[in-house]
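In what follows, a structure is listed as structure tokens, so that the remarks can point back to it.
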Amino acid sequence: MKYFILFGPPGAGKGTQATAMVEKFNLCHISTGELLRNEIASGSELGKQAKALIESGSLVPDEVVEGMIENKFRTVRNVEGFLLDGFPRTIAQAESLDQMLAKTGESVTSVVSIMIPDSLIMERIRHRASIEGRADDASEEIVNNRIKTYHEKTEPLIEFYKKAGKYAEVDGTGNIEEVRTRIFDLMNKF
């Protein structure tokens, strides 16, 4: 089983590229954002808590996200692997993922990191907000908080995965097809 982590700042194109990656490599896409949005839509207590955190630009507690992901690993069948999108976002989450996979004798295959400059992050998120109407994309203050949170909490994962020999970076600038070609070229190596 392969375990890819899709990495990059908000607006890097992770959601756009994930669909093609899943299709080409027969992966199960685990988007923590989508898992949480489904929980919010259900109106559950967890969904209500998650909604308040997400709308303020904060992260949902690790144990909640980890439980949802581990459940997917145990229940999804007939795939070649998994594509994690939005997890891990911190060193603690990465260590928890390693422990989770070690239980079954497995490990992360590779990080696929789509990198773009901050100026492009804001431009892409504004565009996404106008198309999808996502409330978490509409406020410049919330978007700036998400960018700040990414730099402070998530960027340290680059060094974590470089040290583990599992980090690979892709230039996320250019059109969708150009970026997709770079991603597929990288993933074909595994």
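One table, with the values for the structure above:
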| quantity | calculated |
| --- | --- |
| For q = 0.15 Å⁻¹, Debye-computed log10 I/I(0) when each Cα of the range 1-60 counts as one equal scatterer | -0.56 |
| Estimated inter-spin distance, M100 and N71, nm [label 7 Å along Cα→Cβ] | 1.2 nm |
| Isotropic mean projected area of the C-alpha convex hull, the range 1-135 (nm²) | 8.6 nm² |
| Other-chain or far-sequence residues with amide H under 5 Å of L84's (modelled H) | F4, I5, L6, I30 |
| Solvent-accessible surface (1.4 angstrom probe) belonging to Y167, in square angstrom, nearest 10 | 40 Å² |
| Amide N of the range 103-118 lying under 20 Å from the label point, which is placed 7 angstrom from the Cα of A164 along Cα→Cβ | 103-115 |
| log₁₀ of I(q)/I(0) at q = 0.15, 0.23 Å⁻¹ - the range 67-190, Debye sum with one point per alpha carbon | -0.89, -1.41 |
| 23 Å Cα-Cα threshold exceeded, pairs from K2/K148; K72/K163; K2/K162; K2/K51; K14/K153; K24/K51 | K2/K148; K72/K163; K2/K51; K24/K51 |
| Cα centre as origin, Lys/Arg/Asp/Glu Cβ charges: the chain dipole, Debye | 380 debye |
| Förster-model FRET efficiency, 22 Å R0, E141 and Q49, C-beta, rounded to 0.05 | 0.55 |
| Gain upon complete extension [E132, N78; 0.36 nm per residue less C-alpha separation] | 16.3 nm |
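The values are calculated or read from the model by the stated rules, or taken from the named source; none is laboratory data. Since we're looking at a predicted model, the values are computed, not measured. All Cβ positions, even for glycine, are placed from backbone atoms using ideal geometry, and neighbour counts span all protein chains on display. Accessible surface areas use protein heavy atoms only, side chains included; no ligands, DNA or RNA. Shrake-Rupley method; radii C 1.70, N 1.55, O 1.52, S 1.80 Å.
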